[in-house]
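Novice: Before anything else, here's the structure in question.
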Amino acid sequence: MDHFDNVWSSINSWDKESLAIVCDNTRYSYNNLINKVYYYVNFLNQEVNDLQGKIVAIKSSMSFDSICLFFALCKCKCIVVPVSENSFKNIEFYCDKANADYIIDLTNKHVILIKRTDLSKKHEYLNKIREKNKSGLIVFSSGSSGKPKGAVHDIDYIFEKFIKPRRKLKTLSFLLFDHLGGINTFIYVLSSGGCLVIPENKTVNKVLKTVEEFKVELLPTSPSFLNLMLASELYEKYDLSCLKIISYGTEMMHEKVLQKLNKTFENVTLQQTYGLTEIGVLRSKSLSNDSLWVKLGGKEFKTRVVDGKLQIKGKSTMLGYLNAENPFTEDGWLKTGDNVEVDGDYYKILGRDTDIIIVGGQKVYPAEVENIILDMKEVKDVTVFSEKNSLIGSIVCAKIVPKDLGVSHKRLRSDIKKYCSNRMEKFKIPVKILFVDSLVSNRYKKVRS
């Protein structure tokens, strides 16, 4: 029995009448979930000849049906390409790179099966999965630093982490359907007999209202969303006493935001998570609620640091990219590109290679500068990025969201530079400061550009 079959057995073992998923204000039991998965299995077998090994894209947001179809394709030994609402514009690019055989469109709450006619040769990684009679997964990066890269996974190793059921929690679904963190969330919840609550949208007001209404216990989200939530003070309008854990990942968390979060939610465990498109989500343990030091690994992963950069090895590491050079060492370790400090078993993530700003040969970590500027009472949010300079290589730039949108930009710009000059080296002080209304992308991550 493979790892997916073990997880599917766990899902089938829970009380059939207990709540599995809440979506569009409709409650679905485990019995509903299991029956819908088999409905899709039968549908696929009727519509597609020789289904095993077919590459199938799912065009859908996170929903009851998209999750059921995902499990059905795994049961049928297909290779799944999830495409969420933020990536619909890229679906033809994804399908071309993945050489998808079919697209299943769930966007209008009707199942539309589209057969693609591209019969070109499949990539070697996809052939390896088909030869092993396994199901696969292709996840594309966001493309924020170039063209999206397609990471090919043997999905059985992603399911391996969930063979043993974990803590049963009512969990909000925040991350996207085509994000490994989002996939990790629904597999974790359902393999443990919990309940996944999918909000109508990701606005602060709607998320907090959903937490209160459905007594959500685990909120997995991004630091950008948490900063928005704290700045809005909307959390004061709702009864959030049901919350037990807030987990955060996908981008850098600032110490000032974490400290405020810890004071605001004194009875909630704050847990840093770490994951990559190339390897999935690692088990993690924060040193404390107000600490950015985190222990990474679990029995499925090994970690090491080479020249200050984190490397990871694990079974769930991707086979490789469809359309980019692979980031592996000669002995098979994944080069994450994350710069870290080490203290015993704990790591502190400093920033990615792609984010570091080189000013006259000196390294500047954007998060360090952001953390200082965020301490100003006039600043609601900030992102620091680089701009090329012919004399010194790059200059430090900052985009600022002021708390008072009517404030004089000239005065605030002067105040920020003066504040920084007393707290950091001169080469780290932003040369260019711009003012904007928001810094958060539609993935609820901070945009550094």
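Novice: Taking K418, is it surrounded by fewer than 19 Cβ atoms within 10 Å (Cβ to Cβ), in contact (Cβ under 8 Å) with a residue 40 or more places away in the chain, over 30 Å from K295 (Cβ atoms) and more than 27 Å from the chain's Cα centre (by Cα)? Quick ask: steps written out before the conclusion?
Specialist: Values: surrounded by fewer than 19 Cβ atoms within 10 Å (Cβ to Cβ): yes; in contact (Cβ under 8 Å) with a residue 40 or more places away in the chain: no; over 30 Å from K295 (Cβ atoms): yes; more than 27 Å from the chain's Cα centre (by Cα): yes.
When the stated conditions are applied, K418 does not pass them.
Novice: May I pose another question? So which of L230, L292, L208 ends up being modelled with pLDDT under 95, out of contact with any strand residue (DSSP E or B) (no Cβ under 6 Å at 6 or more places or on another chain) and either closer than 30 Å to M376 by Cα or of a type in the set (V, I, T) (or both)? Steps first, please.
Specialist: Numbers: L292 fails: out of contact with any strand residue (DSSP E or B) (no Cβ under 6 Å at 6 or more places or on another chain); L208 fails: modelled with pLDDT under 95.
None of the other options fit; the residue is L230.
Novice: Continuing with the same structure: With the range 240-279 as the region, which strands (runs of 3 or more DSSP E) entirely inside it contain at least 1 residues that are among the aromatic types (F, W, Y), modelled with pLDDT of 95 or more and on the phi < 0 side of the Ramachandran plot? Spell out how you get there, then give the answer.
Specialist: Working: elements: 245-248, 269-272, 274-276.
It comes to none.
Novice: Still on this model: Could you say whether any residue in the range 138-145 is of a type outside the set (A, V, I, L, M), surrounded by 23 or more Cβ atoms within 10 Å (Cβ to Cβ) and assigned by TED's automatic domain parsing to the domain that holds V56?
Specialist: Within the range 138-145, the first condition is being of a type outside the set (A, V, I, L, M), and the residues that meet it are 140-145.
The next check asks that each one be surrounded by 23 or more Cβ atoms within 10 Å (Cβ to Cβ); those that pass are 140.
With assigned by TED's automatic domain parsing to the domain that holds V56 added as a condition, the list becomes 140.
Yes, the range 138-145 contains a residue that is of a type outside the set (A, V, I, L, M), surrounded by 23 or more Cβ atoms within 10 Å (Cβ to Cβ) and assigned by TED's automatic domain parsing to the domain that holds V56.
Novice: Name every residue in the range 357-370 that is at pLDDT below 90 and in a helix (DSSP H, G or I), in order of residue number.
Specialist: Hit for the range 357-370 is A367, nothing else.
Novice: Checking G351 against (1) more than 17 Å from E251 (Cβ to Cβ); (2) of a type outside the set (A, V, I, L, M, F, W, C); (3) crowded, with 16+ Cβ neighbours inside 10 Å; (4) modelled with pLDDT under 90, which test does it fail?
Specialist: (1)
Novice: Moving on. Among Y125, Y188, which is assigned to a helix (DSSP H, G or I), in the same structural domain as S61 (by TED's automatic domain parsing) and of a type in the set (S, T, Y)?
Specialist: Details: Y188 fails: in the same structural domain as S61 (by TED's automatic domain parsing).
Testing whether each residue is assigned to a helix (DSSP H, G or I), in the same structural domain as S61 (by TED's automatic domain parsing) and of a type in the set (S, T, Y) leaves just Y125.
The values are calculated or read from the model by the stated rules, or taken from the named source; none is laboratory data. None of the values given here were measured: they were computed from a predicted structure. All Cβ positions, even for glycine, are placed from backbone atoms using ideal geometry, and neighbour counts span all protein chains on display.
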